[in-house]
Amino acid sequence: MALCILHLGSEKTGTSSIQKYFGARRDALLQKGFWYPDSFANPAAHVHLKLSRAAINGSLGDDAPEVIEFRKEYDTAMAAGVTATVFSSEFFHSEMREPATLERLRAFLDKFFDRFQLVYYARRQDQMLASMHSTAVKGGWTTDKHALSVYESKGHYYFDHLAVCDQWSAHFGRENLECRIYERDKLTGGDIVNDFAHVIGLERGAEQIYVSANESLSFETMSALLYLNASAEKDNRELRRKLVARGRKRNGSRIPMITKSEAREFYAKFRDSNEKFFARYVDKNLATGFSEDFSNFPDAIPEMPMAEVLAFISAKKK
């Protein structure tokens, strides 16, 4: 039996960077005693989405194909002397909201592991909102230019760090849950991958750990994609990919689609729960609250003239 490390997210805290790093270095990590399973993982993104989904769907029985695959991989890993297994899925945070799903997950993992370490990263709620809206625009899931629309679709629990951590600690033990703050000056080396490696006791070598994934979109890219999302070409994946790549190359201004006053008001919704969250789950030597800096938000959301939007979309590759 060995240690099981569950990286819970939350969403919009650099989870893809962690998954990209661990997924690309499975063999090297095995040499250090860390196993990042192929089973239950999405091959394209290295996220253990299938594990969270199986817990939700109740498909973690011994005869389930993913469970059979996992058991074989588990036996091989244990024979190799693995001491820690790492699962990473931001969907632990966003989709596993019912106690029954956590009960099923715990019951399944108890068959293989006798110790648990849960790692949860918390980000200020208005910043989560803006980042999730950018992701929704990029993926073609919204035509609404206002980031506040995300709150309606995701719901209050998604942003309530206290509720999320109370839920997980109830099933896996408060003593097994470590909460970190997703702010650069609170992360080891100012980087999420470095910080996660430090928390779980993974010693890095001489390599540079920094991995970048899911970079934020420029304002002109967001404007073009919003236009695309409302058009008959919304399912044109090639055009979407080109627009994102073009925006990344031009490196335009990053302007969240939420004003400074709206961001402050949204953040205020969680004032009481945040105070309890920090008091209950966060090491006081790390932080006693989120940064109160709102300088990255605009006083008003600008409009990109339609002529410029169309020019950006139709521009030829240089």
Hits in the range 83-104 (condition: touching a helix residue (DSSP H, G or I) at 6+ places or on another chain (Cβ under 9 Å), within 21 Å of ILE18 (Cβ to Cβ) and β-branched (Val, Ile, Thr)): THR85, VAL86
Qualifying position, being part of a helix (DSSP H, G or I), polar (S, T, N, Q) and at pLDDT 95 or above, among GLN117, GLN127: GLN127
Neighbours by Cβ (under 6 Å, 6+ apart or cross-chain): first from the range 191-212, aromatic (Phe, Trp, Tyr) and outside any helix (DSSP H, G or I); second at pLDDT 70 or above and surrounded by 16 or more Cβ atoms within 10 Å (Cβ to Cβ): TYR210/ASP191
Conditions (1) surrounded by fewer than 18 Cβ atoms within 10 Å (Cβ to Cβ); (2) among the aromatic types (Phe, Trp, Tyr); (3) under 22 Å from the mean Cα position of the chain (by Cα): number failed by PHE112: (3)
Tally, over the range 153-188, of residues that are aliphatic (A, V, I, L, M) and under 18 Å from LEU6 (Cβ atoms): 4
Unique residue being farther than 21 Å from GLN19 by Cα, out of contact with any Lys or Arg (no Cβ under 6 Å at 6 or more places or on another chain) and modelled with pLDDT under 95 when the list is ALA64, ALA107, ALA80: ALA80
Test: ASP27 is acidic (Asp, Glu) and at pLDDT below 95: yes
Flag for ALA307 being touching a Pro at 6+ places or on another chain (Cβ under 9 Å) and assigned to a helix (DSSP H, G or I): no
Restricting the range 157-187 to residues that are among the hydroxyl-bearing types (Ser, Thr, Tyr) and out of contact with any strand residue (DSSP E or B) (no Cβ under 9 Å at 6 or more places or on another chain), the residue that is surrounded by the most Cβ atoms within 10 Å (Cβ to Cβ): TYR158
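Can we say ALA77 is in contact with a Phe, Trp or Tyr (Cβ under 6 Å, 6 or more places away or on another chain) and either among the small types (Gly, Ala, Ser) or over 21 Å from GLU178 (Cα atoms) (or both)?
On the way: in contact with a Phe, Trp or Tyr (Cβ under 6 Å, 6 or more places away or on another chain): yes; either among the small types (Gly, Ala, Ser) or over 21 Å from GLU178 (Cα atoms) (or both): yes.
Criteria met by ALA77.
The values are calculated or read from the model by the stated rules, or taken from the named source; none is laboratory data. Please read all numbers here as calculations on a predicted model, not as lab measurements. As a convention, Cβ positions derive from the backbone with ideal geometry for all residues, glycine included, and neighbour counts pool all protein chains shown.
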